[in-house]
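The values are calculated or read from the model by the stated rules, or taken from the named source; none is laboratory data. These numbers were taken from a predicted model, which means no experiment stands behind them. Don't worry about glycine lacking a Cβ; one is built from the backbone with ideal geometry, like all the others, and counts go over all protein chains shown. Side chains included, ligands, DNA and RNA excluded: accessible areas come from the protein's heavy atoms. Shrake-Rupley method; radii C 1.70, N 1.55, O 1.52, S 1.80 Å.
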Amino acid sequence: MKGWILTYRNLVFLFVATILVGLSSCSKETVDNIGRDTALNIIRSNKWFDVVKTTSKTDEDPVREVLVGEGETMEFKSNGYAYVYKGAGETGSYTYSMPTSKKMIFAGVEYDIPENLVQTVAKFTLVNITGDITTKIEFRRR
């Protein structure tokens, strides 16, 4: 008898074909947004305990500024603010947004993210190079 008989092999072929069509129909923008959302979830989960901003200029010593020090924590919230919780109920905040999984606008300055945030959850770095001035902000968890 000729015809198409629904066998296990044919069923698997149909399933794989459906998956391939579905995945190939995703645009680059959709894939980029999935990476960005994953990176945002990693950044927003838990607290950051050590945040240090280092500004260096060629032929000069680097200047270090501690944004989150001993006994303080930083949390990235979904409202676009990173809150710094200090002792005695004091708080501070920085605005942030993440247009792509490799860029972040933090406190009004656009930074590159050299790490793959999906692979590292314990630290990430923001880097901004403007002329001969390099600004680096390192975020670390414990």
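What to note about this one:
- About its Cα centre, the range 38-140 has a charge dipole of approximately 440 debye under the convention of +1 per Lys or Arg Cβ and -1 per Asp or Glu Cβ, with nothing else charged.
- Virtual spin-label span in nm between THR120 and ARG44, 7 Å along Cα→Cβ: 2.3 nm
- Furthest towards positive pole of dipole, ILE137, THR55, THR38, structure part the chain, Cβ charges: THR38
- Our helix-only sum for the chain, with -39,500 (n - 2.57) per DSSP H run of n ≥ 4 divided by its residues, gives a mean residue ellipticity at 222 nm of -8000 deg cm²/dmol.
- In percent, rounded to a whole number, the relative contact order of the chain is 22, using alpha-carbon pairs under 8 Å and six or more apart.
- Listed options for log10 I(q)/I(0) by the Debye sum over Cα atoms at q = 0.14, 0.21 Å⁻¹ are (1) -0.61, -1.40; (2) -0.73, -1.30; (3) -0.66, -1.20. The value calculated from this structure is the one marked (2).
- Filter on LYS47/LYS86; LYS77/LYS136; LYS103/LYS123; LYS57/LYS102; LYS57/LYS86; LYS57/LYS136 - keep pairs with C-alpha separation over 18 Å: LYS77/LYS136; LYS57/LYS102; LYS57/LYS86
- Rounded percent of accessible protein surface that carbon and sulfur make up, the chain, 1.4 Å probe: 56 percent
- Fully extended contour minus Cα-Cα distance, from ARG140 to THR54, at 0.36 nm per residue: 29.5 nm
- On a per residue basis, the range 38-140 carries 56 Å² of accessible surface, using protein heavy atoms and a 1.4 Å probe.
- Part-to-part distance (alpha-carbon centres) for the range 93-142 and the range 68-88, which is given in Å: 16 Å
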